Amino acid sequence: MALAFIAMAQFMVIMDTSIIGVALPEMQADLGFTPGNLSWVFNAYVVALGGLLLLGGRLSDLFGAKRVFSTGWVVLAAGSLVAGLADEVWIELSGRAVQGAGSALIAPSALTLLMMLFGSNPKELTKAFALYGAAAPAGGTAGVFLGGVITEYASWPWVFYINIPVALLTLAATPSLMPSAPANRGSVDIGGALTATAGLGTLVYAVVRAPEVGWDTAETWLVLAAGVLFLGLFVVLQARRREPLMRLSILRTPNLAAANLAQLLLAGAWIPMWFFLNLYLQQVLGLGAFASGSALLPMTGAVMIMMILLAPRFMERFGPKVMIVTGMALLAAGMLWLSFVRPDGSYAVDVLPASLVAAVGMSLAFIPSLGTAISSARPEEGGLASGIVNTNYQIGSALGLAAMTALAATQGAEELGNPTALTDGFSAAFTGAAAVAAIGALLAAVTLRTSQPAVDPSAAEREPERATDTPAVR
């Protein structure tokens, strides 16, 4: 039951990025959004989520994952209420930012709770990771469906209100289902939290805004420079603090940095593919939002079946490195296949087979890279490791989507009503995403060690002096 609620947390965090898509036109009409700032209904959530994940992971380690998990749901529910009740643009964007902050507390604490529940059994932990990983594509597809249904039969505020009963149910179940952990001694690195949040948030802001204002403008480069400056200051502070927000030496842990790089590149390839595939189905093949969501179901189903039923078995037999390299190579092959889409194409020929190959690749690479990134860290730093890997995935999503959007625009993706130009733009995006996945496969082959298991829950037994966390972790 606890695993079901943890998987639902991942489901909701991802669903909140996709459920607003169909509702955007009605929100624009009711609240007075301009075409230029409408995208910030999505971006406000992503910027807050990406900027606060490290802090969420650290708070989870200091105050206990269970407490931070519950707090995150309260914050998410509050943000959802504000977003649903909004009658002005700034209120709507504020609500979305609060939603992102709540998700930044939920995501790392949920992964820490998963490790606490299943860390003593490697096979069960791999299965738990599989269900957790499968919840992400399910949330993305469900968001498209629910957004369409709610917008058509209710009204756009309900795409936000739907979070509230889920939050209340989770808050009611958490005290009895989730393992408790006493608060660890330590302090919150306020300076580190501020500089990390400012740096990550500024970088994400620059990347998501660049396609609108241009990559070659002074605004884009100044904002990017500010983000790099904040992150540089963060590194300096972490090196000098006795109790830093992120122990820099954690990146020297075998396989941790390599697995996080794999997660970043995996997101940088997968999210743009999913985004532009949806646009191709609607803007070129002429499917409606609901039909487009239906067309993505085979891909989502393949991901869930592979992650839950097959990937854990492959993990036992082949190990994480082979899985990650093979998965990212298959993802690259599937997206390269998608790059041959045609203006007069069909779903059965141009989309379905290639998308299934990409889905299999994603399924093979996601679980071992996630498990390696988290289990490589000390048990008492599970929240930090969860925050780092979640941050890399979100940053990879934002960077990859922004870069592929810019690439698609240069090839004609902005010429609405012109199927040939649109297809050329989408094809370029698929090719670029395939290159990202191929680079990820190559780097994983070079940087990952084969001696480090993807799931290493017995670290506390081998290093008792480090295992200062709860009995549930040990």
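The values are calculated or read from the model by the stated rules, or taken from the named source; none is laboratory data. This is a predicted model, so every value here is computed, not measured. Heads up, the Cβs are rebuilt from the backbone with ideal geometry, glycines too, and the neighbour counts pull from every protein chain shown.
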**Fill in**
When every residue in the range 405-444 that is farther than 23 Å from LEU266 by Cβ and of a type in the set (S, T, N, Q) is compared, the one surrounded by the most Cβ atoms within 10 Å (Cβ to Cβ) is THR423
**Request:** Examine the range 251-266 for a residue that is outside any helix (DSSP H, G or I) and surrounded by fewer than 19 Cβ atoms within 10 Å (Cβ to Cβ), and state whether such a residue exists.
**Result:** yes
**Request:** Within the range 229-252, count every residue that is hydroxyl-bearing (Ser, Thr, Tyr) and in contact with a helix residue (DSSP H, G or I) (Cβ under 9 Å, 6 or more places away or on another chain).
**Result:** 0
**Prompt:** Can you name every residue in the range 207-233 that is β-branched (Val, Ile, Thr) and not in a helix (DSSP H, G or I)?
**Reply:** THR217
**Request:** Could you list all residues from the range 408-430 that are among the charged types (D, E, K, R) and at pLDDT below 90?
**Result:** GLU414, GLU415
**Prompt:** For the range 194-226, how many residues meet the condition of being buried (at least 20 other Cβ atoms within 10 Å of the Cβ) and either aromatic (Phe, Trp, Tyr) or closer than 21 Å to ASN390 by Cα (or both)?
**Reply:** 13
**Subset of the range 322-374 [in contact with a Gly (Cβ under 8 Å, 6 or more places away or on another chain), small (Gly, Ala, Ser) and in contact (Cβ under 8 Å) with a residue 24 or more places away in the chain]** = GLY327, ALA329, ALA332, ALA333, GLY334, SER355, ALA358, ALA359, GLY361, SER363, ALA365
**Request:** Looking only at the range 172-183, decide whether some residue is in the same structural domain as ALA48 (by TED's automatic domain parsing) and β-branched (Val, Ile, Thr).
**Result:** yes
**Asked** When PRO179 is evaluated against the numbered criteria (1) buried (at least 22 other Cβ atoms within 10 Å of the Cβ); (2) out of contact with any Gly (no Cβ under 8 Å at 6 or more places or on another chain), which criterion, by number, is the only one it fails?
**Response** (1)
**Request:** For GLY72, indicate whether it is under 16 Å from ALA7 (Cβ atoms), modelled with pLDDT of 90 or more, surrounded by 23 or more Cβ atoms within 10 Å (Cβ to Cβ) and not assigned by TED's automatic domain parsing to the domain that holds MET307.
**Result:** yes
**Item:** Failed condition for GLU88, given (1) crowded, with 20+ Cβ neighbours inside 10 Å; (2) out of contact with any helix residue (DSSP H, G or I) (no Cβ under 6 Å at 6 or more places or on another chain); (3) more than 28 Å from MET304 (Cβ to Cβ)
**Value:** (1)
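Okay, residues lined up against (1) surrounded by fewer than 19 Cβ atoms within 10 Å (Cβ to Cβ); (2) in contact with an Asp or Glu (Cβ under 6 Å, 6 or more places away or on another chain); (3) more than 25 Å from ALA435 (Cα to Cα):
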{"site": "ARG317", "(1), (2), (3)": "yes, no, yes"}
{"site": "LYS321", "(1), (2), (3)": "no, no, no"}
{"site": "ILE324", "(1), (2), (3)": "no, no, no"}
{"site": "LEU330", "(1), (2), (3)": "no, no, no"}
{"site": "MET335", "(1), (2), (3)": "no, no, no"}
{"site": "LEU338", "(1), (2), (3)": "no, no, no"}
{"site": "PRO343", "(1), (2), (3)": "yes, no, no"}
**Message:** With at pLDDT 85 or above, under 16 Å from TRP156 (Cβ atoms) and surrounded by fewer than 22 Cβ atoms within 10 Å (Cβ to Cβ) as the only criterion, which of LEU38, LEU31, LEU24 stands out?
**Reply:** LEU31
**Message:** Exactly one of these conditions fails for VAL236: (1) assigned to a helix (DSSP H, G or I); (2) under 18 Å from THR372 (Cα atoms); (3) not polar (S, T, N, Q). Give me its number.
**Reply:** (2)
**Prompt:** Could you say which residue among ALA206, ALA196, ALA210 is farther than 30 Å from GLU414 by Cα and either over 25 Å from the mean Cα position of the chain (by Cα) or at pLDDT below 85 (or both)?
**Reply:** ALA196
